[in-house]
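Just below is one structure, and these are the notes that go with it.
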Amino acid sequence: MTIPMWQCNVLGFAVQIKQCAFHVRFMTEPNAVANLLAWCSERGFWIDPSIQIISGPCGVAVVSQDSTIPEDRILVRIPRESVLSVKSSPISDLIPPHPYGRGAQLSLALALSVELVIGATSPWFLYLQSLPRQIPGIPLFWSRGVENQQSFPPNGDPFEWLNGTEAWKMLFDSGDSDSSLVSEIDEYFHEVAEPVYAQVFESSPEKAPSSPEFYHAYSLVSSRSFLVDSYHGLSMVPIADAFNHTQENHVHLESDFDVCPECGSLQRCVHDDTTEPDPRSIVPDDADNFYEMVSSLPIPPHSEVFNTYGETLTNAQLLVQYGFILDGNDNDHLTWTFDELAQFSEHHLLASGSWTWDSVGGLPEFRDLLRSINLRPWERISESELVSLDRTHQFSLNGDATISHGLWLFFALLLVCLRNTSPYHTRNLDSLIVLLEETLQCQLTLESSESTNHADDDDTLLVPPSPGHSDQQQRPSPYGVILELARLLASLCRARSARTGRAGVEMAELGEILDRLPNDMTPTKMAISLAMTERSLLDSCMSAWDGFVDGALGQA
Ligand SMILES: C[S@@+](CC[C@H](N)C(=O)[O-])C[C@H]1O[C@@H](n2cnc3c(N)ncnc32)[C@H](O)[C@@H]1O
């Protein structure tokens with residue numbers, strides 16, 4: 001896919017702005033940028049003349065002027081008191097504070113929603129005027145605020161395509177709790193925001209933000225807030241939020257996080273416990289009053305200047321939180337929860353024989369056993385072409401279509417326990433580890449003999465156990481375990497691929513539908529693109545394990 005370029009003119013130079021694969025287009029009015037800059041200058045912001053804030057194809061953007069910007073240069077100074085946070089909000093006393101997480105986002109959305117509806121009387125009016133007027137394209141609100149939400153054109157319902165993807169899981173499966181993200185926001189709106197609005201707009205209740213207005217505020221918070229320090233917490237930070245995202249950023253926000261949580265002071269203050277030695281200085285420094293955007297590497301002239309919203313963000317995360325995706329994202333991966341794997345195992349293994357979790361000592365016990373086994377060093381597993389060591393995502397498939405060692409261990413342990421007729425072995429951690437190591441060794445041997453196309457003479461693990469020996473009769477054969485494990489992994493991927501996107505649509509068709517969609521149907525395009533990426537990873541993984549089984553049977 002080619003990356004579209006958008007060209008603008010800055011002081012007579014053509015600046016190429018790289019666009020993401022897909023995003024919801026909105027143009028900020030050029031005079032909104034001029035008003036924003038005038039507002040900033042009145043409030044003591046400083047913007048280095050080597051950069052310029054412009055109106056771009058997806059809202060405002062920042063571009064460099066005609067010289068290379070060196071590393072470590074302060075490009076923007078933002079007065080601390082100019083940020084909009086729960087603390088700086090005029091209705092601060094009415095908002096229940098939350099230090100971080102979803103609670104912090106909802107509290108800030110409440111503060112912001114009030115500033116947005118009071119218009120020119122807000123101290124942040126001209127800043128707020130420069131922000132997207134529509135709900136930014138985050139999937140949470142794709143169907144909300146849109147009239148006639150049922151009348152999507154053929155192939156145009158983005159949720160149908162998003163079905164089963166990682167983005168879908170983030171939006172609608174909130175772990176063990178019954179509530180989804182949308183219902184959490186609705187609940188906050190009714191239980192917390194509306195009573196606050198009733199007090200603030202007591203004399204003019206018609207001005208109180210409606211639920212679409214609250215969603216608008218929430219999506220602005222989701223897509224552009226920063227955690228600045230222990231006083232303001234999550235905040236709307238003018239100008240810092242004008243930078244678009246890439247993985248390898250040009251700039252970053254610098255702030256001293258450890259300020260007084262009561263008054264925001266960086267110096268010693270009346271809230272300090274005088275008996276404790278205080279790390280904060282007593283000497284005021286002008287620089288302390290500002291947050292700074294600083295260059296992280298040299299920035300070429302006449303190019304867009306990017307921040308990063310997170311170096312490890314996947315396209316699913318970018319879509320859910322910011323409403324856009326990148327054209328190819330190395331961070332993309334798929335995940336499973338323990339419960340999903342347990343359900344899959346019940347379904348697949350029950351069909352082929354009678355067992356219950358009691359056969360492996362019970363489901364909670366199996367979970368604990370897996371946890372302790374997973375903590376052991378499994379470095380050898382990275383010798384495999386099909387499995388990688390991944391301590392971050394326990395049950396996952398990465399962008400190279402290799403599974404995490406945690407996922408491998410789940411099925412290897414389950415099969416080793418199930419195939420083991422010795423009650424002693426199923427309960428003894430050390431002996432289980434020996435069996436798992438043998439299974440791993442068997443897989444590595446098979447992989448290497450498949451790649452060289454012949455089995456070594458001493459590949460004894462590939463040979464089924466001899467019937468005469470009583471201990472061996474009770475021990476599972478590593479070869480049998482690894483074959484079943486490979487088949488299960490291929491089925492796991494096949495099943496997930498089949499329920500990713502719209503059921504029954506083949507991969508080739510997805511590409512054709514994507515190409516035929518009109519340009520303005522961006523949420524649908526983003527959803528199809530995510531589904532295609534995930535399906536292709538699942539299909540590659542499935543073929544790899546199917547191929548492994550064929551190769552192993554050929555070796556036997
Ligand atoms: C913090 S704002 C960045 C500045 C933004 N362009 C604006 O209008 O103010 C984040 C929003 O910018 C857009 N954005 C950021 N990086 C992008 C990228 N690489 N491609 C497309 N849109 C992007 C998305 O709409 C996102 O929700």
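The values are calculated or read from the model by the stated rules, or taken from the named source; none is laboratory data. Just so we're clear, the structure is a prediction, and the values are computed from it rather than from any experiment. Positions of Cβ are generated from backbone atoms using ideal geometry, with glycine treated the same way; all protein chains shown enter the neighbour counts. All accessible areas refer to the heavy atoms of the entire protein, side chains included, with ligands and DNA or RNA removed. Shrake-Rupley method; radii C 1.70, N 1.55, O 1.52, S 1.80 Å.
Only protein heavy atoms count here; on that basis, with a 1.4 Å probe, D66 has an accessible area of about 100 Å².
Placing a label point 7 Å from the Cα of E383 along the Cα-to-Cβ line, the residues of segment 430-446 whose backbone N sits under 14 Å from it are 437-446. As a rough guide to protection, the peptides 189-201, 108-120, 373-385 ranked by mean Cβ packing within 10 Å, highest first, stand as 108-120, 189-201, 373-385.
Is segment 39-86 rounded, prolate or oblate when judged by the Cα gyration tensor, a ≥ b ≥ c being the square roots of its eigenvalues, rounded requiring a/c under 1.5 and prolate requiring a/b larger than b/c? Cα axes put segment 39-86 in the oblate bin. Size check on segment 219-276: the Cα extents along the three principal axes, sorted descending, read 46, 24, 16 Å. In straight-distance terms, cross-link reach from K525 covers every one of the aspartates and glutamates whose alpha-carbon lies under 17 Å from its own, apart from those fewer than eight places away in the same chain; here that gives D157, E160, E166, D327, E506, E509, E512, D515, E534.
Using 1/(1 + (r/R0)^6) with R0 = 60 angstrom and r between the beta carbons of R419 and N519, what's the FRET efficiency to the nearest 0.05? After rounding, the FRET efficiency stands at 0.65. In this simple spin-label model, placing a label point 7 Å from the Cα along the Cα-to-Cβ direction at both R102 and R391 gives a separation of 2.9 nm.
For K87, a cut-off of 16 angstrom between C-alpha atoms picks up these aspartates and glutamates, skipping any fewer than 8 places away in its own chain: E115, D229, D258, E262. The distance between label points at E184 and S92 comes to 2.6 nm (points 7 Å beyond Cα on the Cα→Cβ vector). A simple spin-label model places the labels of A503 and E437 4.7 nm from each other, with each point 7 Å out along Cα-to-Cβ.
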